[in-house]
Amino acid sequence: MKKINMVDLQGQYAHIKPQINKAFEHILDTAYYVGGPEVKGFQANLEKYLDVKHVIPCANGTDALQIAMMGLGLKPGDEVITVDFTFAATVEVIALLNLTPVLVDVEADTFNMDIDALKKAITPKTKAIVPVHLFGQCANMEEILKVAKAHNLFVIEDNAQAIGADYTFSNGTKKKSGTMGNIGTTSFFPSKNLGCYGDGGAIFTNDDDLAHIIRGIVNHGMYKRYYHDVVGVNSRLDSLQAAVLQIKLPLLDSYCEARAKAAKFYSDGFASNDKITTPKISNFTTHVFHQYTLKIDESIDRDALHQYLLDKEIPNAIYYPVALHNQKAYRDERYNEDDFKVTNKLCKTVLSLPMHTELDEEQQQFMINAILNFCK
Ligand SMILES: *Cc1c(COP(=O)(O)O)cnc(C)c1O
């Protein structure tokens, strides 16, 4: 059996090595390292793939979130609602801009924003909602957009984990994840579903004015060279990363299919065990399985299972072990433990298994057997 990896970027590279090496050689020969034609090319291809008017590439997914909030003109003290169960980047940029993060609980079955919790958290100071399409499936955007409209709030979709997922509204309209709110953001970190070979990110919007503002912000607030109209940042995708993404974008749908197939194999394997809850997919979204995350019944020692698997050289991870409202950096006396029952429980029960495009069934069966053996 091949050694099992949490992600297998070497295996994936082997399939596209000639194209990547050729593209890199061209960039090295021309020395067009920043702002090369690959960046514009990738931007246009991604706009087409997502069916969105504007893609603005930037340096990483965290910057993308920060720039989105700067672009919307949010001011210190404005409240921004996001989820308690996500990677810290989402809440970090809210705090960094001196906005007030308001964390809300998630749904137990999808790990995504709980709509009742969202409604409860709205105050006159609320300015924006940041749903995170966690682990690869979309949050309930139809409801979130309704709430946003009723209260005149911006919506920024943190789409770092769900690029390629399709959302279907109740009237049948289909949209790509990240293109439904005012702004969508993503990350091209190597282990993300569409990853480059370093850092990268992008911002999506259908709003022409917002796109113009954001294009200036990513470039030191310049709309005309050396005239700085607003405070900006330096955040760009470089040519080498854009070249990787240009080669990988046409493969994204096949990557998503490979992940979905692996997810089904896992879920079929665990179906007979009532101590293991496999991922539930909402009926309005596809799932691109950035993570394949189990919930382990509390009668089983999840942390012991984690270690048991590591001892068998089965990589696995706990995303996320600590709720954001319990992190030192984000604690706030306004929070009440009772409002985070689901997240608190998820932190104790989730376990993510290896998920990537190169898994084979022999590896998966080996992992399934080990886990079933522990969860007898
Ligand atoms: C990875 C990730 C980010 C940050 O992306 P970087 O490119 O690492 O800065 C933000 N939000 C979520 C949900 C992520 O998974």
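Every number in this text was worked out from the coordinates using simple rules, so none of it is lab data. As the structure is a computational prediction, the values presented were derived from the model and not from experiment. Ideal geometry is used to build each Cβ from the backbone, glycine not excepted, and the neighbour counts take in all protein chains shown.
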Q) Ranked highest first by average number of other Cβ atoms within 10 Å, how do 222-229, 141-148 line up? A) 141-148, 222-229
**Q.** Separation of the SER254 and GLN327 label points, Cα + 7 Å toward Cβ, nm
**A.** 3.6 nm
(Q) Restricting to DSSP loop positions (anything but H, G, I, E, B) with no more than 11 other Cβ atoms inside 10 Å of their own Cβ, which GluC sites (Glu not before Pro) remain in the stretch 289-376? (A) GLU298, GLU313, GLU333
Q.
Normalised by the empirical 2.2 N^0.38 Å for globular proteins, what value does the Cα Rg of the stretch 191-286 take?
A. 1.62
Q) Which residues' amide hydrogens lie under 5 Å from the amide hydrogen of TYR292, considering only partners 5 or more residues apart or on another chain, with H built in the peptide plane? A) LEU353
Q: Evaluate the distance, in nm, between pseudo-label points positioned 7 Å from the Cα of LYS348 and of LYS53 along their respective Cα→Cβ axes.
A: 4.9 nm
(Q) If you average the C-alpha positions of the stretch 62-98 and of the stretch 167-203 separately, how far apart do those two centres end up, in angstrom? (A) 17 Å
Q) Given only helices, namely DSSP H runs of n ≥ 4 each adding -39500 (n - 2.57), what is the per-residue ellipticity at 222 nm of the chain, to the nearest 500 deg cm²/dmol? A) -12000 deg cm²/dmol
Q: Can you tell me the order of 250-262, 53-65 when each peptide is scored by its average per-residue count of other Cβ atoms within 10 angstrom, highest first?
A: 53-65, 250-262
Q.
Need one number: % antiparallel among DSSP beta bridges in the chain, to the nearest 5.
A. 65 percent
Q.
Ignoring solvent entirely, what values of log10 I(q)/I(0) come out of the Debye formula for the chain at 0.07, 0.08, 0.11, 0.14 Å⁻¹ when each Cα is a single scatterer?
A. -0.31, -0.41, -0.78, -1.23
Q: Go through GLY172, GLY200, VAL52 and say which Cα lies farthest out towards the positive end of the charge dipole of the stretch 9-250; charges sit on Cβ, +1 for Lys and Arg, -1 for Asp and Glu.
A: VAL52
Q. Between ASP303 and ALA271, how many nm apart are label points set 7 Å from Cα along the C-beta direction?
A. 3.5 nm
Q: Calculate, in nm to one decimal, what THR168 and LYS125 gain on full extension: separation in residues at 0.36 nm each, minus their alpha carbon distance.
A: 12.4 nm
(Q) Past 29 Å, Cα to Cα: identify those pairs from LYS75/LYS149; LYS248/LYS295; LYS120/LYS192; LYS149/LYS176, in the order given. (A) LYS248/LYS295; LYS120/LYS192
Q.
To check you understand DSSP bridge types, tell me what percent of the beta bridges within the stretch 1-140 (both residues inside) are antiparallel, rounded to 5.
A. 10 percent
(Q) Assuming 0.36 nm per residue, please report the length gained on full extension of the stretch LYS312 to THR30 beyond their Cα-Cα distance. (A) 96.8 nm
**Q.** Isotropic mean projected area of the C-alpha convex hull, the stretch 252-374 (nm²)
**A.** 9.5 nm²
